[in-house]
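The values are calculated or read from the model by the stated rules, or taken from the named source; none is laboratory data. None of these values were measured; they are calculated from a predicted model. Methodologically, a virtual Cβ is constructed for each residue, glycine included, from the backbone with ideal geometry; neighbour enumeration extends over all protein chains shown. Please note that ligands, DNA and RNA were not included when accessible areas were found on the heavy atoms of the full protein model with its side chains. Shrake-Rupley method; radii C 1.70, N 1.55, O 1.52, S 1.80 Å.
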Amino acid sequence: MSVDIQKTASQMDALSTVLKHTGFFTAEIYTHEELGNDETGDGSECKPFKSILRAMKHAGKEPFPVIFVQSNKENEKWVPASQSQLKKIKKIWVRDQYKEKAKDQKEAQGEEKRLKHLDDAKEVVITLDTTLPKPEKVKIKDCGNMRGKRLLIHGWVHRLRRQGKSLMFILLRDGTGFLQCILTDKLCQTYDAILLQTEAAVTIYGTLAEVPEGQNAPGGHEIKCDYWELVGNAPPGGIEHVLNEESHIDVQLDQRHLMLRGELLSKFMTFRSILMQAFRDHFLSKGVCEVTPPTMVQNQVEGGSTLFKFDYFGEEVLLVNFFIENYNKLSILQAYLTQSSQLYLETLLSSLGDVFCIAQSYRAEQSRTRRHLAEYTHVEAEYPFITFEELLDKLEDLIVDVVERLMKNPISKSIINEFNPNFVPPKKPFRRMDYKDAIEYLKNNNITKEDGTFYEFGEDIPEMPERKMTDAINEPIMLIRFPWEIKSFYMSKCADDTRVTESVDVLLPGVGEIIGGSMRIWKTDELKEGFKRSNIDDKAYYWYIDQRVFGSCPHGGFGLGLERFLTWILNRYHIRDACLYPRFVSRCKP
Ligand code: 4AD
């Protein structure tokens, strides 16, 4: 093999120039007071450091390579730093070196000490004293009258404070409340005690006592621990190592499963549970029967634009059509997530009478607003043989009664007081306002569209103007009698003015619409006309139409958004506070 010596040498020269310019060689280090940077520089000509001290640190040890500084002369870029400059800065470098070494040493000693401490802790063993009275297993909420008793409580370390070697405070959380636990001596010197982190799951044994005078703790008591067990530890720093309350909202939503352990969201979720129960109790107290309709459906209720389609056992499944006359025809199965259970509720009137359900509804809402979710909990009810007036009375009654129930329950009452201290329970009767009068109100109060023109009869009143009006009036409003053209296919027309429907939206200050309801068309021909007007093929609605065929009667009902109700009563800005794992555009996790 022959080697071209000259070519190889020139390649080597080129390579060394490149390496020198990129700071790979430390034969010389460049500094420049104006153009250099101690953080981002690398000491090369292209990326000089700012200071000589940084250059010395970069070199690490003596003898230093030549350190260049910028030259003051014209036609000369670099000049080696003067001896006097180097001498002065070297003194600082020596002092810093000494300090850093001392720090490293201290850290190493600290680590050694920590490891020894842990090793020693492994020797500390605690045992359950079987001569003590058998502990009673309780939840924190039931501790109230347990003072003086020996208890066993499972929970999570909400907060942790160590005081010296022989005292540790745990604020225990078990989902029903918080309890202060005091661990002393060996109990806080075990290996597990030393490594214990917030969010760890633990079991506490001990005797409940009143907190000493002048001290505060949840419930006014604390448990003096005589034994404890670590069930499952957590990473150092608990949740704080993942996020805190200042984290970006998307981080908080990604970590919703951890956020839910926080005091704020767990209060809202506790409230939500009581709220759902209050709705159930309201309906059941009036003899309304609870049902559970399916949420996988084949029909739209509230317009095709917000339908979620999904693949039901294969996208293009062929299905035998149930119509007798079309018995041999096949059609493509189209499945959706339900927008409302209303149509199913209507089918139950003749068998169960008044019916209600609390079920999930879905809306493919394109916008990310503070009151729209893609999945929400829908409280819906349907009543046979009622008039429009009676329907409106039922709505007022529902809201007033549910609020009363919430104010009677000490937990929900205290949560309302905490988050909405100025809350005044609404009183019956609510203001009833015709749609046409709302159009007048908007005109009289100069509430216009974006282009500055006024809303006219026949147009939908969007969220913003509706909210402006509701907030200004600042009391519940039942907005009624909306034009036929802008409402759903199933709404019946008013007898005294067929341009408008027997429809209602209940609007509440701060959140806007929380209920949508109406009387339903109960004559077959009229319903078919409604389908036609909404361009809906009524074949898939044969079962719904049958309600008008087999013993039809006037009937009506409504749907209430549970999250909007919670947002209103707890005075939250955003609806996402009202649900466990909110779903909206571009958010379907966790
Ligand atoms: O007014 P809507 O669309 O009415 C219906 O679905 C009727 N079929 C109900 C019925 O008569 N049984 O919705 C009713 C309520 C609204 O007033 C609102 O509170 C809530 O459902 N809602 C939503 N909540 C959160 N996010 C959304 N995207 C919502 N869409 C409606």
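Over region 367-513, consider all pairs of different Cα atoms and compute the Kirkwood hydrodynamic radius from their mean reciprocal separation; express it in Å, one decimal.
Mean inverse Cα-Cα distance, inverted, gives 17.2 Å.
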Summed side-chain charge close to PHE49 - residues other than PHE49 whose Cβ falls under 14 Å, Lys, Arg +1, Asp, Glu -1: -3
Mean Cβ neighbour count within 10 Å, used as a protection proxy, ranking 259-272, 449-462 highest first: 259-272, 449-462
Estimated 222 nm signal from helices in the chain, with DSSP H stretches of n ≥ 4 weighted -39500 (n - 2.57), rounded to 500: -10500 deg cm²/dmol
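With only Lys, Arg, Asp and Glu charged, each at its Cβ (+1 for the first two, -1 for the last two), find how big the charge dipole of region 481-590 is about the Cα centre; round to the nearest 20 debye. Kindly include the intermediate steps, with their values, before the conclusion.
Details: 17 positive and 14 negative charges, 89 e Å.
Using only the charged Cβ atoms, the result is roughly 420 debye.
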Pairwise label distance in nanometres, ASP96 with ALA209, each label 7 Å out on the Cα-Cβ vector: 5.6 nm
Relative packing of peptides 560-572, 70-82, 387-399 - highest average C-beta neighbours within 10 Å first: 560-572, 387-399, 70-82
Proximal charge balance of ASP119 [Cβ under 15 Å; K/R count +1, D/E count -1]: -1
Accessible-area value, ARG405, 1.4 Å probe, nucleic acids and ligands omitted, Å²: 70 Å²
Rg(Cα) / (2.2 N^0.38 Å) computed for region 413-497, rounded to two decimals: 1.34
Region 247-289: Cα Rg divided by the 2.2 N^0.38 Å rule of thumb: 1.69
Principal axis dimensions, largest first and in whole angstrom, of region 34-105 by Cα: 48, 27, 18
Dipole magnitude (debye, nearest 20) for region 534-578, charges at Cβ of Lys, Arg, Asp, Glu: 180 debye
Cross-link partners of LYS149 among lysines (Cα-Cα below 18 Å; sequence separation of 8 or more within a chain): LYS134, LYS137, LYS139, LYS141, LYS224
Spatially near lysine pairs across region 326-454, Cα under 25 Å, sequence gap of 8 or more or different chains: 12
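Given Cα positions, please report Rg to Rh for the chain, the hydrodynamic radius being the Kirkwood one.
My calculation puts Rg/Rh at 1.16.
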Taking region 382-508 and dividing mean pair separation by its residue count, relative contact order in percent (alpha carbons under 8 Å, at least six apart): 21 percent
Principal axis dimensions, largest first and in whole angstrom, of region 88-202 by Cα: 74, 29, 19
Accessible surface ranking that places the most exposed of ASP434, ASP254 first, with a 1.4 angstrom probe: ASP254, ASP434
Cα-based Rg / Dmax (Å) for region 399-457: 18.1, 49
Cβ-defined net charge surrounding PHE419, 11 Å radius [Lys, Arg +1; Asp, Glu -1]: 0
Cβ-based charge dipole, the chain, positive-most Cα from GLN342, HIS158, GLY206: GLY206
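Can you give the Rg/Rh ratio of region 23-165, where Rg is from the C-alpha atoms and Rh is the Kirkwood radius?
A ratio of 1.43.
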Highest-first arrangement of 357-363, 512-518, where packing means the average Cβ count within 10 Å: 512-518, 357-363
Qualifying lysines (Cα of each under 29 Å from Cα of LYS57; at least 8 residues distant if same chain): LYS20, LYS47, LYS73, LYS77, LYS87, LYS88, LYS90, LYS91, LYS99, LYS101, LYS103, LYS106
Stokes-Einstein translational diffusion, region 438-590 - Kirkwood Rh over all Cα pairs, 0.692 mPa s, 37 °C, in µm²/s: 185 µm²/s
Assigned charges on the beta-carbon of Lys, Arg, Asp, Glu; the chain dipole about Cα centre (debye): 2220 debye
